[in-house]
Structure formats: structure tokens, C-alpha cells
Amino acid sequence: LQQSEEWLKIDDSVAAHHCRAMALYGLGRYAEAGAALDTVRVKIDPATIALRSYVAQQAARAWSQAGKPENALRVLTEQTNELTMTKSTNLTESKLATELLLDRSRIRITHGQLAEAVQDLDQAISLSPGSEDVLMQRAKIFAQLGDIALAQQDLQVILRMNPRH
């Protein structure tokens, strides 16, 4: 942490800020790390979508570790909105948005927001219909909600795509 703060004195770069944020995370200072990673994400050029999305996921992890799921959901929502508002058919953007939505659904599941988690997964499936991870997660939620028929439908899709799953 001390070295990253020294680095920041001579270089106000994204890399230096990220180094500090990760040092905070490593020290278990999760709320500070989450705030620092939020700042890093905003500093990254929006055209650098993969890096911005990755840092959003790191920030969400930090916020979750800090016991602040509302902040984790906020950062994932902001980044997902950046990716999906363009209405692009770009495969990279669809993949990144799917990962963000999957992360957001996991946080929602942890906090009992199952209906919202299903909505996230529905959106993720619309972006990446062949994602086994998304279908499996949705099947688990359907099973938790007692809708075995819908859970089985998702599992059957997975098995059609990958019979060895």
C-alpha cells in the first residue's frame, strides 16, 4: 500500500490507482478497495470495455466482501448499462455483459432477490443463448423457487448442447 501511494505521488495513472486499490483489497480493507476500484473504472476510457468491465467485477467483489451488496449491484448495473445501451451486436460486448449479469445474479441470489436474479439471467440468455453457466444458474433458481418444470427445461437445453455435461 505504501509503495502504491508513493507511485501515485509521481504518477496519477490508472495503473497506479489500480495498484493501490488491489493493495487495499489484499489488506482486507474491502470498502476502501471497492471505492478505489469504482474510481479506477471511471478513469478507464469507456472505449476500453473489457478492462472497464473487469475492474467493475473487481469492485463488485470488494463491495460484496465489505458487506455492501447495494454498491456491488450498482457498479455491475452501471457497467452492464454501458455495454447494453449501445444495442451493438458485438460478440465481445455481449460476452462481457453476460458475465456482468451472471455476477449480478449471484449477488442477488445471496441476498434473497431470486426474481431479480432470474431477470438478470433472462437478459444474459438473450445476449448469450449458448451459455451453459447462465442456464445452469437459472435452473438452480427455478428449482429453489419450486418450478421444477422450468429447471428441467434449462437442464435439457444444456444437455442438448453438451450431452456430457
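Quick check on the chain: helices-only [θ] at 222 nm, where DSSP H runs of length 4 and up contribute -39,500 (n - 2.57) each and the sum goes over total residues. Nearest 500, please.
-25500 deg cm²/dmol
May I ask you to derive the relative contact order of the range 102-151, considering only C-alpha pairs under 8 Å and at least 6 residues apart, and to give it as an integer percent?
27
Can you work out the Karplus-derived ³J(HN,Hα) for every residue in the range 109-124? Use 6.51 cos²θ - 1.76 cosθ + 1.60 with θ = phi - 60°, whole Hz, and x for glycine or proline.
So the J values, rounded to whole Hz, are 4, 4, 9, x, 9, 5, 4, 5, 5, 4, 4, 4, 6, 4, 5, 5.
From Cα pairs below 8 angstrom and at least 6 apart in sequence, can you work out the relative contact order of the range 23-109, rounded to a whole percent?
Worked out over the range 23-109, it gives 25 percent.
Using every alpha carbon pair in the range 11-100, what percent of pairs falls into each 10 Å bin from 0 up to the bin containing the largest distance?
Binned Cα distances yield the sequence 20, 49, 27, 5, 0.
Ignoring any ligand, DNA or RNA, what whole percent of the accessible area of the chain comes from carbon and sulfur when the probe is 1.4 angstrom?
Carbon with sulfur: 53 percent of the solvent-accessible area.
According to the square roots a ≥ b ≥ c of the eigenvalues of the Cα gyration tensor, what is the shape class of the range 69-114, taking rounded for a/c under 1.5, prolate for a/b larger than b/c otherwise, and oblate for the remainder?
It comes out prolate by the Cα gyration axes.
Rounded to the nearest angstrom and ordered from largest down, what semi-axes does the equivalent ellipsoid of the range 93-146 get from its C-alpha gyration tensor (root of 5λ)?
Gyration-tensor ellipsoid for the range 93-146: 18, 12, 8 Å.
Mind checking the alpha-carbon convex hull of the chain and giving the volume per residue in Å³?
Measuring per residue, one finds 117 Å³ for the Cα hull of the chain.
How much accessible area per residue does the chain have, counting only protein heavy atoms and a probe of 1.4 Å, in square angstrom?
On a per-residue basis, the chain sits at 54 Å².
The values are calculated or read from the model by the stated rules, or taken from the named source; none is laboratory data. If you're wondering where the values come from, they're calculated on a predicted model, not measured in any experiment. Keep in mind that these areas ignore ligands, DNA and RNA; they rest on the heavy atoms of the full protein, side chains included. Shrake-Rupley method; radii C 1.70, N 1.55, O 1.52, S 1.80 Å.
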